[in-house]
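Contents: one structure, followed by commentary.
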């Protein structure tokens, strides 16, 4: 069953209200899970490939490290569980297990970090047919709960770049990889660090 706050995040992408809307959804997601705080990132991109092909590429979680810059690797375990290794500042890594909570072939994927994860997170990817001849619309919505203490400081550095900018870069890389088979290395530099908006419970 899909997560209501995340679904609501996908329903509204109006530029004038997006920031406020995302803070509200992040706060609600944090309260539902008992997290101290949470931050949300949501983006949509159109990929000029058939919906089933786009879904299948994302469903193989081993592919995520090919276009998500902060991910070093994702290793599938059983049919529902996978192990994520995330690049952190200072040459360090952060690891956790995620559990697939929804799998609707060709339509949606959702996951949540397993109990005890250092970085609590949940996400949902939706796949919809785009306009005729335009391929597939991909909407990614991710909520993460920064931990406390020294690890929290490390993660704050990891996410110090504007999350929406990072999400846009990652989805653009995904689009390039699916459409051309490779990722351009001539992308513009990321925006100056500004930090993601956090909603405190």
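Can you tell me which residues in segment 173-201 are in contact with a strand residue (DSSP E or B) (Cβ under 8 Å, 6 or more places away or on another chain) and modelled with pLDDT under 90?
Listed by number, the residues that qualify are 196, 197, 198, 199, 200, 201.
What single numbered condition from (1) touching a helix residue (DSSP H, G or I) at 6+ places or on another chain (Cβ under 6 Å); (2) under 24 Å from residue 42 (Cβ atoms); (3) at pLDDT below 90 fails to hold for residue 106?
With respect to (1) touching a helix residue (DSSP H, G or I) at 6+ places or on another chain (Cβ under 6 Å); (2) under 24 Å from residue 42 (Cβ atoms); (3) at pLDDT below 90, residue 106 is out only on (3).
Where residues in segment 49-81 are part of a strand (DSSP E or B) and within 15 Å of the chain's Cα centre (by Cα), which of them is surrounded by the most Cβ atoms within 10 Å (Cβ to Cβ)?
Across segment 49-81, the extreme among qualifying residues is 74.
Only residues that are crowded, with 16+ Cβ neighbours inside 10 Å and in a strand (DSSP E or B): list them for segment 103-114, please.
Correct list: 108, 109, 110, 111, 112, 113.
Being at pLDDT 80 or above, over 30 Å from residue 53 (Cβ atoms) and either out of contact with any helix residue (DSSP H, G or I) (no Cβ under 8 Å at 6 or more places or on another chain) or not in a strand (DSSP E or B) (or both): is that true of residue 117 here?
Answer is yes for this residue.
Looking at segment 82-94, which of the residues that are in a strand (DSSP E or B) and over 30 Å from residue 53 (Cβ atoms) is nearest to the chain's Cα centre (by Cα)? Show your work before the answer.
Pass one, segment 82-94, residues in a strand (DSSP E or B): 82-87, 93-94.
Add one more test, that the residue is over 30 Å from residue 53 (Cβ atoms), and what stays is 93-94.
Working: 93: 18, 94: 16 Å.
Here the answer is 94.
The values are calculated or read from the model by the stated rules, or taken from the named source; none is laboratory data. Not measured: the values here are computed from a predicted model. As a convention, Cβ positions derive from the backbone with ideal geometry for all residues, glycine included, and neighbour counts pool all protein chains shown.
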